[in-house]
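Every read-out reported here was derived from the displayed coordinates using simple, explicitly stated rules and does not represent laboratory data. Just so it is clear, the model here is predicted, and its values are computed rather than measured. Note that each Cβ is placed from the backbone with ideal geometry, even for glycine, and that neighbours are counted across all protein chains shown.
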Amino acid sequence: MTGSTTSGAAVADVHPAWLPDRAFAGIGGLRVAVIGDGDVVQTVRDEVERATARFGGALLHAAEGADLVLVAAAQAPGQLAPESFDVALDEDVVVVRAADGPALLYGLHHVVRHTAARDLAAAVGRTGFLGVHAPAEPIRMLDHWDNLTVHPVMGQVERGYSGDSIFWLDGRLRDDLGRVEEYARLLGSMAINRVAVNNVNVHAVEAHLLTDGLDDVATLAAAFRRHGIRTHLSVSFAAPMTVGGLATSDPLDDDVRAWWTRAAAAVWARIPDFGGFVVKADSEGQPGPFAYGRDHADGANLLARAVAPHGGTVFWRAFVYNHTQDWRDRSTDRARAAYDHFAPLDGRFDDNVVLQVKYGPMDFQTREPVSPVVAAMPRTRLAVELQVTQEYTGQQKHVCWLGPQWSELLGFRPWGAGTTVADVAGGHGPGGRAAGLVAVSNVGTDEFWTGHPLAQANLYAFGRLAWDPTLPATDVLDEWVDLTFGADDDVRDALHDVMDESWHTYEDYTAPLGVGFMVRPGHHYGPDVDGYEYTPWGTYHFADRDGIGVDRTRATGTGYTGQYPEPWRDVYERLETCPDELLLFFHHVPWTHVLHRGVSVAQHVYDTHFRGVDAVDAMAERWATMQGRVPDPFFDRVAQRLTEQQRGAREWRDQLNTYVLRKSGVPDAHGRRIH
Ligand code: GCW
């Protein structure tokens, strides 16, 4: 599949990401039996055939004489949960028994990962290789904010930093689906099982996918199906009007119900394993049930009942807030909105509704507390939404390895002990309702997929952490390096040096202490401290000559701390216990307020901003030592982006430091140059 795409590189020129042929050398030399039927088993067979053709060994169709046996579904004895597999040693033979086709694919890649840096015998001796392997999160989904055409303001991929859509061109599916096939292969290798293929902001062109575009969607679904992935569409709540010609989209109207029932039936008639719908309603201008005086349970259940007979799921987003605020109104707090809208609806959503909640109460900031909605809805299936695309974390111009951020979020304990965020999403929370994780993808037609080549690691990490949220981020990075570059200690060390701390470094030179935003409105790249302060979208820092931060306490502020259960409602409420990194999210304090770490807020801003720039310079120097150690195009692209990161970090440093010095008058204790 090497035909050229109209925009972007031909498939043959595209970086293989973490699946270069070399990554399969460890299984290539073996005699591998693949046993079972179905599309995904055939994919496993194709992978083994490709590896053995390249590296020797053989593909077998029966266990006899094999070094490695991969056996799926009916042939696998025992009780394995869906998507799970078991790895055992039978004499000298490694046997992977899988519950189903997708599980066999996951089992294959489990072996590939473990043999990327060593041989099979050595892999067998490692902890974590043998035994039962099951996904922690049943739903592991990527959303694409892809438009069918180029949107005048947002471009083709909303918040996309990697070129155009790999799916769509000029209002319809691309002719050359080579990139889609490669993408599906990458996703299958890290056990993603659902994708949504169009933007949650559904414009007129995309709204028609649901009716006139089904052939295109079916073609995409076929490509994804071979890798165990179900396809979804984002739909507009107003579709009965805009697409169906009705006069209303009131969720309690009989004609509206009938319309959705028919629309769903038509979709599943064309695509029997279609996954369902994603809906952004009453959010940032998208239509929703509020227009009819209905609530979001009415809205979600309308669609849920239409798709239920077909086994479909409705992903209903909780990202609902007032984006036409008046900055003078101090009582409106955007952070409160999702909880205020949704917590009272707990228990009212149908079983096939998944409430999709952004990880924080705001909007994918570098640092936010965990959304209080996660702990507030035990009778609702909750999926936590992450942002792989780096809208607020450097837009794939800056290195920002997000594995550590996600590990921290997923491991957060909303009740202080016991259950984690990952547990709640996976169905091990108080109500036991399982859903999973969703993330906004970061790929496009760019030859490295992700604009910044190192951002490939974020995509990889999302899949791996959705499978096992307890994996240490540093191990995930090792896996990614070994697969991508081969087992090379120098490359691995260099990438750890450049990436391990890059999230904290990004935090250091951008908005401080959890205050968030301070970005240029619109495109959200680069510093603009007061950019959002007087806009309708929300007010984020309230800085004046005396201090900075948002008072979200119950005692004197917006009361947001009261949305958390114990212990957090009190931990965040009290200055003495509020963690430094979230101080300005929860409190308005004087510039001279002394942090737990022993310096004033103003001094902290200076220290971290100088430190952040130094760290970026060190990253660039370290990367320079990799010339000749990684392929030149990869090296060059990263080097170019680091130059921009060095420039950008200086811009952030100088604007933040100058702003704080001018507002506060607090001099830098170390007398460094502030403009
Ligand atoms: O982060 C904001 C983005 C919007 C996006 C919205 C959302 C798709 O700035 O571009 O719209 O979130 O999540 O719906």
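For segment 139-470, what is the percent of antiparallel DSSP beta bridges, rounded to the nearest 5? Percentage antiparallel, nearest 5: 10.
Net charge in the neighbourhood of residue 74 (other residues with Cβ under 13 Å of its Cβ; Lys, Arg +1, Asp, Glu -1) is -1.
Beta bridges assigned by DSSP with both partners in segment 5-133 are antiparallel in approximately 45 percent of cases.
Mean residue ellipticity, 222 nm, helices only, the chain: the sum of -39500 (n - 2.57) across DSSP H runs of n ≥ 4, divided by residue count and rounded to 500, is -10500 deg cm²/dmol. According to the Cα-based calculation, Rg over Rh for segment 21-178 is 1.09, with Rh computed by the Kirkwood formula. Considering only beta bridges that DSSP places wholly inside the chain, some 25 percent are antiparallel. Its alpha carbons considered, segment 554-668 gives a radius of gyration followed by a Dmax of 19.5, 59 Å.
Hey, got a sec? Which trypsin sites (Lys or Arg not before Pro) in segment 515-581 land in a DSSP loop and have at most 16 other Cβ atoms within 10 Å?
Working: sites: 545, 552, 554, 569, 574; in loops: 545, 552, 554, 574.
Filter output for segment 515-581: 545, 554, 574.
Taking one quarter of the surface of the convex hull spanned by the alpha-carbon atoms of segment 508-592 gives a direction-averaged projected area of 6.2 nm².
Each pair of Cα atoms in the chain enters the Kirkwood radius, and Stokes-Einstein at 25 °C and 0.890 mPa s then converts it into a translational diffusion coefficient of 94 µm²/s.
Shown is the FRET efficiency for residue 170 and residue 121, computed with R0 = 60 Å from the Cβ-Cβ distance and rounded to the nearest 0.05: 0.70. Taking label positions 7 Å along the Cα-Cβ direction at both residue 475 and residue 248, the computed distance is 5.5 nm, reported to one decimal. When each of 149, 445 is scored by the number of other beta-carbon atoms lying within 10 Å, the sequence from fewest to most is 149, 445. The Rg/Rh ratio of segment 203-334, with Rg taken over Cα atoms and Rh as the Kirkwood radius over Cα pairs, comes to 1.02. If the segment from residue 55 to residue 644 were pulled out straight at 0.36 nm per residue, it would be longer than the present Cα-Cα gap by 208.0 nm. At full extension, residue 566 and residue 330 could sit 82.4 nm farther apart than now, given 0.36 nm per residue minus the alpha carbon distance. For residue 663, the aspartates and glutamates whose Cα falls under 20 Å of its own Cα, not counting residues fewer than eight places away in the same chain, are 508, 528, 530, 533, 544, 546, 551, 607, 651, 654.
Cross-link reach is defined here as a Cα-Cα straight distance under 30 Å, omitting same-chain residues fewer than 8 places apart; for residue 280 the lysines meeting it are 358, 397.
Could you tell me which of 387, 25, 65 has its Cα farthest along the dipole of the chain towards the positive end, charges placed at Cβ (Lys, Arg +1; Asp, Glu -1), taken about the Cα centre? Farthest towards the positive pole: 387. Count Lys and Arg as plus one, Asp and Glu as minus one, and take only other residues whose Cβ is under 11 Å from that of residue 560; the net charge is then +1.
Counting other C-beta atoms within 10 Å, which of 229, 35, 674 has the fewest, and how do the rest follow?
So the ranking, lowest neighbour count to highest, is 674, 35, 229.
Test of understanding: express the Cα radius of gyration of segment 139-470 as a ratio to 2.2 N^0.38 Å, with N the residue count.
Against the compact-globule rule of thumb, the ratio is 0.93.
Per the Kirkwood formula applied to alpha carbons, segment 427-533 shows a radius of gyration over Rh ratio, Rg over Rh, of 1.04.
Would you order 358, 663 from fewest to most other beta-carbon atoms within 10 Å of each residue's own beta-carbon?
With the fewest neighbours first, 358, 663 line up as 663, 358.
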